[in-house]
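Asker: Please find one structure pasted underneath; my questions will follow.
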Amino acid sequence: MPVARPESQEPRVIAHVDMDCFYVQVEQRRNPDLRGVPTAVVQYNSWKGGGLIAVGYEARKFGVKRSMRGDEAKRACPDIQLVQVPVARGKADLNLYRSAGSEVVAILSTKGKCERASIDEVYLDLTDAAKSMLLESPPEMLDSIPEEALKSHVLGLSSDENKGEEDVRKWLCQPNADYQAKLLACGTIIVAELRVRVLQETKFTCSAGIAHNKMLAKLASPMHKPAQQTVVPATSVPDLLASLPVKKMKQLGGKLGSSLQDDLGVNTVGDLLKFSEQKLQDLYGINTGTWLWKIARGISGDEVEDRLLPKSHGCGKTFPGPMALKTTSSVKQWLNQLCEELSERIQSDLDQNKRVAQTLTLHARAFKEDEVDPLKKFPSKSCPLRYGTSKIQEDAMHLFELGLGDFLNSKNLGWGITSLAVGASKIVDIPNGTTSILKYLTEKRTSCNSSDCSDALPGEPDHATSLICQKDADTKSYKGHEVPLESKVEENPKTKAPRESASDSKRLSDRDANAKGTILRYFSGGSSSNQSSTSKVETTQIEEQERISSSTASISNSHQNLNLNQNNNALSENWIINIEEIDPSVVDELPLEIQREIRGWIHPSKRINTAKRGSTIAHYFSPARK
Ligand code: DCP
Ligand code: CA
Ligand code: CA
């Protein structure tokens, strides 16, 4: 459900930039003979001429649409050129388009905070650039206004085509406008200049929306395509929303939008103005109610994230008509291909950008011979992501089997898969020299690194030892397929397993050991009390500790050392922590009850009786709680 974020009090200038018929433009740049010619890009698969995924503007004039297949497009526009997407591993290889998108992002990100929102679109926060321009060279002081800025469509200005540029010039140079409007005028010029640079340097055209927030900028960018920009002055917002069908808002395309239409008779976003915030909250809950009240007024506090890299990686393939997959072995064969690509991409993201993905998801579309419930969807399934191609393949296949079981309701029915996709999401940066004990433990326990330490808190599902299955919004633990913590070296030498191979564990441990005050420093003494013991020993100890199902903490050696005795005969190692070496900054990062406990060790006089408490540090370190 949408949630309203508090809007900044300061006026902002936000742009949404979207490339025009993007894949077609990339293909036209590769093959200039296609320029000016009706062109579409089709998916790799020959069934009925392949599915269209991008349609050039020349072809759109003939009524060619993305929903068509190649054969249909040929009937609508006999001269259309159909270009197949590049192919690798028997499926579309989108790397060409991804890197073309990156070329554009590199230019657009030079003027302010830039959020890459998809393969061909970004949000820009140009507030600072607009403020500087207003101070140093406001529009009315410019010798000439860039041509592209004068071609802007400014909502609410007269629509007299002949006077268009003149009106825009006046609007850009409005001496009596308020500060917010003046900033927007500067933003309009900055975006026009950026779009000209994109065209000069990449040969691609794009369209843009420029407004005071993301929501309005996104609404505006497709209004005048291709190769144009649309500006939303604050004064034009009521009219824009009064005529905007609710279903055109991204978050209102589904059930919420239908309920607004059917239950409240709200057809346009502006119609929501009739309802008080209280009424909307009563009907849809506090968060959604407030969000609806705000969007009716064009208010949105969403920030542009500083992110030039994608939020997730995914690869999929469709198997339409007779190509549907009907056996587990054919699904496995294709899943292996998809997982291989996914693995390569997350590995290169890790190598190049020092980012790790935490969640693996499998999506599929399917049909079955079931008269009772023929429309039931194949449920998407997720689990913690383990690096290494073979592990991803194995986990993806488990997820598929789980999904298929749910889909068929455990009945023995015939089935077919018409699309398969795997995705890697919850991508986070590997923090540099973190001092966080929680981050370290999350990393070790989930085979990935999280800046969100809450994942590892006691009481939360243990991602390292259970497979979490998602069905719609619900999550549940799946006990049948445990994903164990691995310490083996990855079998496939070509695909390094960054989180789980012995060498990489060492690398991680080295990194963490170098960071001031990590848990390793305290554990590094071990039973040998050798503070400079190797990271391999450290890693082993942590891993051993993680396998223990119950453990207790006690103070020994006259408060000098903490001895974590393990109640496990097979693993009867003692954990010695030198209390004097505990870095207080690390303690501050621990959950409160653990902080109290450790402070009790450091200052025994203030120590609370920890023996009776359910949550002890040893309990906290043990991942195998049942
Ligand atoms: N794409 C895809 N499958 C889809 C939608 C899009 O493969 N179902 C790819 C091809 C598009 C690119 O993503 O070129 C960008 O998608 P857009 O929705 O932005 O559409 P276009 O850029 O093609 O056209 P427009 O000019 O309308 O933005
Ligand atoms: Ca686009
Ligand atoms: Ca797009």
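The values are calculated or read from the model by the stated rules, or taken from the named source; none is laboratory data. All values reported here derive from a predicted model rather than from experimental measurement. A quick note on method: Cβ atoms are made from the backbone with ideal geometry, for glycine too, and the neighbour counts reach across all protein chains shown. Only protein heavy atoms, including side chains, enter the accessible area calculation; ligands, DNA and RNA are left aside. Shrake-Rupley method; radii C 1.70, N 1.55, O 1.52, S 1.80 Å.
Asker: Got a sec? Which helices (runs of 4 or more DSSP H) wholly within region 273-375 have at least 1 residues that are modelled with pLDDT under 95 and over 30 Å from V237 (Cβ atoms)?
Answerer: Hits in region 273-375: 328-353.
Asker: I'm checking my understanding of the structure. Among residues of region 56-85 that are touching a Cys at 6+ places or on another chain (Cβ under 7 Å) and small (G, A, S), which one is farthest from ligand 2 (Cβ to nearest atom)?
Answerer: This residue is A59.
Residue-wise test of (1) in contact with a Ser or Thr (Cβ under 8 Å, 6 or more places away or on another chain); (2) modelled with pLDDT under 95.
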site	(1), (2)
L172	yes, no
R195	yes, no
H212	no, no
A220	yes, no
M223	yes, no
A227	yes, no
M249	no, yes
G254	no, yes
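Asker: Next question, about the same structure. Just one of the numbered conditions (1) within 16 Å of ligand 2 (Cβ to nearest atom); (2) at negative phi; (3) open to solvent by 10 Å² or more (accessible area, probe 1.4 Å) is not true of A40; which one?
Answerer: With (1) within 16 Å of ligand 2 (Cβ to nearest atom); (2) at negative phi; (3) open to solvent by 10 Å² or more (accessible area, probe 1.4 Å) applied to A40, the lone miss is (3).
Asker: Of the conditions (1) in contact (Cβ under 8 Å) with a residue 12 or more places away in the chain; (2) away from ligand 3 (no atom under 16 Å from the Cβ); (3) open to solvent by 10 Å² or more (accessible area, probe 1.4 Å); (4) within 27 Å of the chain's Cα centre (by Cα), K255 clears all except one; give me its number.
Answerer: (1)
Asker: Does C173 satisfy being farther than 26 Å from R30 by Cβ, open to solvent by less than 60 Å² (accessible area, probe 1.4 Å), in the same structural domain as S132 (by TED's automatic domain parsing) and out of contact with any Gly (no Cβ under 6 Å at 6 or more places or on another chain)?
Answerer: So C173 passes the test.
Asker: Which condition number in (1) open to solvent by 40 Å² or more (accessible area, probe 1.4 Å); (2) in contact with an Asp or Glu (Cβ under 9 Å, 6 or more places away or on another chain) is the one that L260 fails?
Answerer: With (1) open to solvent by 40 Å² or more (accessible area, probe 1.4 Å); (2) in contact with an Asp or Glu (Cβ under 9 Å, 6 or more places away or on another chain) applied to L260, the lone miss is (1).
Asker: Being closer than 26 Å to V154 by Cα, out of contact with any strand residue (DSSP E or B) (no Cβ under 9 Å at 6 or more places or on another chain) and within 16 Å of ligand 3 (Cβ to nearest atom), is that true of even one residue in region 52-64?
Answerer: Within region 52-64, one or more residues are closer than 26 Å to V154 by Cα, out of contact with any strand residue (DSSP E or B) (no Cβ under 9 Å at 6 or more places or on another chain) and within 16 Å of ligand 3 (Cβ to nearest atom).
Asker: Name the residues in region 1-28 that are open to solvent by less than 10 Å² (accessible area, probe 1.4 Å), more than 16 Å from ligand 3 (Cβ to nearest atom) and not assigned by TED's automatic domain parsing to the domain that holds L124, would you?
Answerer: The answer is E27, and nothing else.
Asker: Quick one: which of S67, S109, S99, S118 is under 23 Å from A220 (Cα atoms), modelled with pLDDT under 95 and small (G, A, S)?
Answerer: It is S118.
Asker: Pairs needed: first member in region 51-69, assigned by TED's automatic domain parsing to the domain that holds Q25 and under 18 Å from A92 (Cα atoms); second member anywhere, within 16 Å of ligand 2 (Cβ to nearest atom) and among the charged types (D, E, K, R); C-beta distance under 7 Å; at least 6 residues apart or different chains.
Answerer: Hits for this filter: L52/R66; I53/R66; V55/K65; V55/R66.
Asker: Across region 389-422, what is the total count of residues that are assigned to a helix (DSSP H, G or I) and over 28 Å from E344 (Cα atoms)?
Answerer: Looking only at region 389-422, we keep the residues that are assigned to a helix (DSSP H, G or I), and these are 389-408.
Still in the list and also over 28 Å from E344 (Cα atoms): 405-408.
Count: 4.
Asker: Pull up region 5-53, narrow it to residues that are assigned to a strand (DSSP E or B) and β-branched (V, I, T), then point me to the one that is nearest to ligand 1 (Cβ to nearest atom).
Answerer: I53
Asker: Across region 299-309, what is the total count of residues that are over 20 Å from M1 (Cβ atoms) and buried (at least 19 other Cβ atoms within 10 Å of the Cβ)?
Answerer: Residues in region 299-309 being over 20 Å from M1 (Cβ atoms) and buried (at least 19 other Cβ atoms within 10 Å of the Cβ): 1 in total.
Asker: Next question. Here's a check for you: in region 118-154, which residue that is within 16 Å of ligand 3 (Cβ to nearest atom) and not charged (D, E, K, R) is farthest from the chain's Cα centre (by Cα)?
Answerer: Restricting to residues being within 16 Å of ligand 3 (Cβ to nearest atom) and not charged (D, E, K, R), the top hit is L124.
Asker: Checking the conditions here, which among S207, S243, S236 is within 16 Å of ligand 3 (Cβ to nearest atom) and among the polar types (S, T, N, Q)?
Answerer: Working: S243 fails: within 16 Å of ligand 3 (Cβ to nearest atom); S236 fails: within 16 Å of ligand 3 (Cβ to nearest atom).
Step by step, each of S207, S243, S236 is checked, and only S207 is within 16 Å of ligand 3 (Cβ to nearest atom) and among the polar types (S, T, N, Q).
Asker: Filtering region 344-393 down to residues that are over 15 Å from the mean Cα position of the chain (by Cα) and of a type in the set (V, I, T), which residue is farthest from L308 (Cα to Cα)?
Answerer: In this case the residue turns out to be V372.
Asker: Report, by residue number, each residue of region 378-396 that is in contact (Cβ under 8 Å) with a residue 24 or more places away in the chain and open to solvent by 20 Å² or more (accessible area, probe 1.4 Å).
Answerer: Scanning region 378-396 gives S380, S390, Q393.
Asker: Looking only at region 208-238, count how many residues are over 10 Å from S300 (Cβ atoms), more than 16 Å from ligand 2 (Cβ to nearest atom) and crowded, with 24+ Cβ neighbours inside 10 Å.
Answerer: The number of residues fulfilling the criteria is 3.
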